[in-house]
Structures are given as C-alpha cells and as structure tokens.
1. Would it be correct to say that T165 is polar (S, T, N, Q) and either without any contact (Cβ under 8 Å) to a residue 12 or more places away in the chain or away from the ligand (no atom under 12 Å from the Cβ) (or both)?
2. Tell me the helices (runs of 4 or more DSSP H) entirely within region 155-237 that contain at least 1 residues that are of a type in the set (S, T, N, Q).
3. Please verify whether A206 is more than 15 Å from V41 (Cβ to Cβ) and away from the ligand (no atom under 15 Å from the Cβ), treating the condition exactly as stated.
4. When you scan region 190-206, do you find a residue that is in contact with an Asp or Glu (Cβ under 6 Å, 6 or more places away or on another chain), buried (at least 18 other Cβ atoms within 10 Å of the Cβ) and without any contact (Cβ under 8 Å) to a residue 24 or more places away in the chain, even just one?
5. Please go through region 160-172 and give me each residue that is out of contact with any Phe, Trp or Tyr (no Cβ under 8 Å at 6 or more places or on another chain) and more than 14 Å from R194 (Cα to Cα), ordered by number.
6. What number of residues in region 129-147 are basic (K, R) and touching a residue at least 12 places away in the same chain (Cβ under 8 Å)?
7. Please find, among F246, F192, the residue that is aromatic (F, W, Y) and away from the ligand (no atom under 15 Å from the Cβ).
8. Going by the conditions given, is T180 β-branched (V, I, T) and within 13 Å of the ligand (Cβ to nearest atom)?
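A short reminder: the numbers here are calculations on the coordinates, not readings from a lab. Fair warning: this is a prediction, and the values are worked out from it, not measured in the lab. Using ideal geometry, Cβ is built from the backbone for each residue, glycine included, and neighbour counts are taken over all protein chains shown.
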Amino acid sequence: MGTQRRCLIAGNWKMHTDRQGAEALARAVAEATASLTDVDVVVIPPACFLEAAGAALAGSAVALGAQNMHPEAKGAFTGEIAGPMLASLGVRYVLCGHSERRHVFGERASFVGDKVRAAHAHGLTPVLCVGETLEDRDAGRTQSVVAEQLDAGLAGLTGSQVRDTVIAYEPVWAIGTGRTASPEQAQEVHAFIRARIRDAHGADCARALRIQYGGSVKPDNAAELLGQPDIDGALVGGASLDAASFASIAAARPA
Ligand code: PEP
C-alpha cells in the first residue's frame, strides 16, 4: 500500500440485496469495521437502497457510494439518476465506467469521461474503473486499453480534480471469476497508471491519487495485493456481500 495514501476499501453490491438485506448489511459493515481508523470504507448498494443503507450507516465512518450516474444534472433521461440526486442522499463516491457498464451496457470511454467530470461538478468523488479483457491481455494490449480508458476518463479535469479522482484497475477477466491478477500483475498495471498520471499531471498529483485494485479480492488474497507499492485499496464485488469477509479485507495488512 502506498505509504502516503490512505487505503480505500469499497464494496460494490451490484444488483444484490433487498431493502431489509441492504439495511442489515450496511449496519453489519459499520459494526465490523468500526475499529479500523486507518482505512476509508465505502459501501455501494443498488440505487434504490441508497437511502435505507445511508440511514443504517448514520453515525459510522462508512461512506456511501453509488454504482452509476448520468452526466446530465437533470432532464428527459428515463431510468437514469443524476449527480445532484445522489448528493442529496448523502452519496460521496460514484463508480464511473465499471466494466459491466462498459461491456454489458456498451458505455463508451468518452461517456464515462462525461460522468467523471459531472461527478466532480456535483461534489462527488468519481471512482474511474479501467481494465482490459482477457483478449486484450493475450494480445498484449493491456497498457494501450488502460491508457485509452484513463485518458478519456480524466479528460478536461483540473489537476486537483485528477488528484481527487479514485482509479480502480479491474482486469475484466478477474471480475466475478474467482481468478485474481497476481500481486505482480496488478502492481505492474498500477505503476503504469501512476506513471501516466505523473507524465500528464505532475508528480505531486500522481503521488496523491489513489488506485484501487478490483477483481476477485477475498480475505485470503487482500493482504498481498494491498502490500504492493501502488495498490491503495480494493474495489470488492462478491466478497462485499458478506460483512465479515468485507471487514476482513478492510483489516488486511501486508505481513
Ligand atoms: C467488481 O464488481 O468490481 C468486482 C471486482 O467484483 P468481484 O470482486 O466479485 O470480482
């Protein structure tokens, strides 16, 4: 874990839980992580349970995140949710360009960039998700794919907005597959991302920006991943649906 950066552990509940389950899980995460003062913890419930989960988190240090948002602040966009709506529910973080949005719903990199800019405009911290497919990796395109997603995702931001953006490197082949990138594979891409940020936005910005790893993070592999110098946290899917597993990832420390 980068020595100057606070670790950020976020749990993406995707399209899981019901209202009661979301409240119970949020409460259980708050209790299970209450003693962890050196790490930032975020839960990311389905949009319809944000309010209920937020109420269950009241008084705790666990922050609320959203899985997606539309770049426009309001308008005729049936089924979409705007940044100001999320902010009014107490949401602090928002995923932008999760691989399921890119690959299942066809979101283009420039649209993801629109969301990142809009998130900043509405006082939300965007978590820009980037990552290559297995086909990209096998064809030696990991860096070019990640660079393109990164450049489009950060386009038009000021230096301080870039610094206050969270990047989540999530190789698509490791998401929900039980197949994790090795710590060395993950570190290699994280270092590439940080170097690209440094070249475009300067060393101070690159040093401060947090880069999470995501892709089948579990209690038994978290410490080794978080021990890498450029890995500053985890974006957790499946294991975040169990409060004890999620808390044990948040508590994981390099040996
Ligand atoms: C994710 O949803 O971003 C994710 C990394 O999922 P999982 O941990 O289940 O692979």
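1. yes
2. Values: elements: 159-163, 183-201, 203-208, 219-226.
The qualifying helices (runs of 4 or more DSSP H) are 159-163, 183-201, 219-226.
3. Answer is yes for this residue.
4. Step one: of region 190-206, the residues in contact with an Asp or Glu (Cβ under 6 Å, 6 or more places away or on another chain) are 190-191, 194.
When the remaining residues are screened for being buried (at least 18 other Cβ atoms within 10 Å of the Cβ), the result is 190, 194.
Now narrow it down to the ones that are without any contact (Cβ under 8 Å) to a residue 24 or more places away in the chain: none.
Scanning region 190-206, I find no residue that is in contact with an Asp or Glu (Cβ under 6 Å, 6 or more places away or on another chain), buried (at least 18 other Cβ atoms within 10 Å of the Cβ) and without any contact (Cβ under 8 Å) to a residue 24 or more places away in the chain, so the answer is no.
5. Filtering region 160-172 down to residues out of contact with any Phe, Trp or Tyr (no Cβ under 8 Å at 6 or more places or on another chain) leaves 160-165, 167, 171-172.
Result: S160, Q161, P171, V172.
6. Result for region 129-147: 1.
7. F192
8. For T180, the condition - β-branched (V, I, T) and within 13 Å of the ligand (Cβ to nearest atom) - is met.
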